[in-house]
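Heads up, the thing below is written out as structure tokens.
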Amino acid sequence: MNFTVIIPARYGSSRFPGKPLEMIGDKAMICHVIDRARESLASRIVVATDDERIASVVKAYEAEVMLTSSNHPSGTDRLNEVAVRMSMSVDDIIVNVQGDEPLIAPENINQVALNLFDHPDCAVATLCEPINLVDEFFSPNIVKVIPDINNRALYFSRAPIPWDRDNFSVDRPDTLSKSNQALRHLGIYAYRVSALKEFVVWPMSNLENIEKLEQLRFLENGRHIHVEVASKPGAPGVDTLEDLNKVRYILETNHGN
């Protein structure tokens, strides 16, 4: 099984400008993400960025980088640009590793690629993990996913799903029942290049626009997304300075590289 890891890395994040270049120990965050990808089974790793400053750091780290358009409406469009410019086959598999996840488990990168390889009926594969905390279940910032019995996604939502009618009928609960089986979606994806080519020509779907979740475009257009519980716990990403300091602490405590 061959697959390519593409790491989108934008400089102009509205919440945290310059995030990929923030230092964690003696390396920029983007270099830690590259390290995690290098620990996977990926045959090729490419950082896709719209910023020369990020490109310069990546090149100095002896990693492959591609300067992409700054006008893409979504990260998926950016991946498609890379696939087109690399003349990738429609059957090739790309794993999208976010540039703000320096603690991502290489095992999860391999898992999502293998799952897509093993399920030719699916256009995309992704991962999830159980939700145990009530606050996470009710948080719109935590995306929930419901799979069917064949591990294909039925729906993704920011709403608390599945809704336990009997237990939630009066008040918000203090704990989640074991029967609830709530699952948190982890933002790692494997795509067939053919799926990327389809995605960029489809108009934004209605549910995608309401939920602000671009993966719903695949579901609304009848494409299957494979979902499986991650082999390793989902790693905290970096959206804020507080998140960054937590990651710094974790890496320093574990003497990470």
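The values are calculated or read from the model by the stated rules, or taken from the named source; none is laboratory data. Since the structure is predicted, the reported quantities are computational estimates derived from the model, not experimental observations. As a convention, Cβ positions derive from the backbone with ideal geometry for all residues, glycine included, and neighbour counts pool all protein chains shown. Surface areas here come from the heavy atoms of the whole protein model, side chains and all, with no ligands, DNA or RNA. Shrake-Rupley method; radii C 1.70, N 1.55, O 1.52, S 1.80 Å.
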| Given (1) outside any loop (DSSP other than H, G, I, E, B); (2) surrounded by fewer than 17 Cβ atoms within 10 Å (Cβ to Cβ), number of the condition A125 does not satisfy | (2)
| task | Tally the residues that are open to solvent by less than 30 Å² (accessible area, probe 1.4 Å), over 15 Å from N141 (Cα atoms) and at pLDDT 95 or above, restricting the search to the range 178-207. | result | 8
| Only one of these conditions is not met by I210: (1) open to solvent by 40 Å² or more (accessible area, probe 1.4 Å); (2) modelled with pLDDT under 95. Which number is it? | (2)
| task | Could you grab me the full set of residues in the range 132-156 that are within 23 Å of T175 (Cα to Cα), open to solvent by 40 Å² or more (accessible area, probe 1.4 Å) and part of a loop (DSSP other than H, G, I, E, B)? | result | N132, L133, P140, N141
| task | From the list L213, L186, L196, pick out the single residue that is in contact (Cβ under 8 Å) with a residue 60 or more places away in the chain, within 19 Å of I146 (Cα to Cα), touching a Ser or Thr at 6+ places or on another chain (Cβ under 9 Å) and outside any loop (DSSP other than H, G, I, E, B). | result | L186
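Conditions (1) within 14 Å of the chain's Cα centre (by Cα); (2) in contact (Cβ under 8 Å) with a residue 12 or more places away in the chain; (3) over 24 Å from L241 (Cβ atoms), marked per residue:
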residue: V57; (1), (2), (3): no, yes, no
residue: A60; (1), (2), (3): no, no, yes
residue: G75; (1), (2), (3): yes, yes, no
residue: R78; (1), (2), (3): yes, yes, yes
residue: A83; (1), (2), (3): no, yes, yes
residue: M88; (1), (2), (3): no, yes, yes
residue: N96; (1), (2), (3): yes, yes, yes
residue: P102; (1), (2), (3): yes, yes, no
| remark: Checking S40, S13, S69 in turn, the sole residue that is of a type in the set (G, A, S) and closer than 23 Å to V124 by Cα turns out to be S40
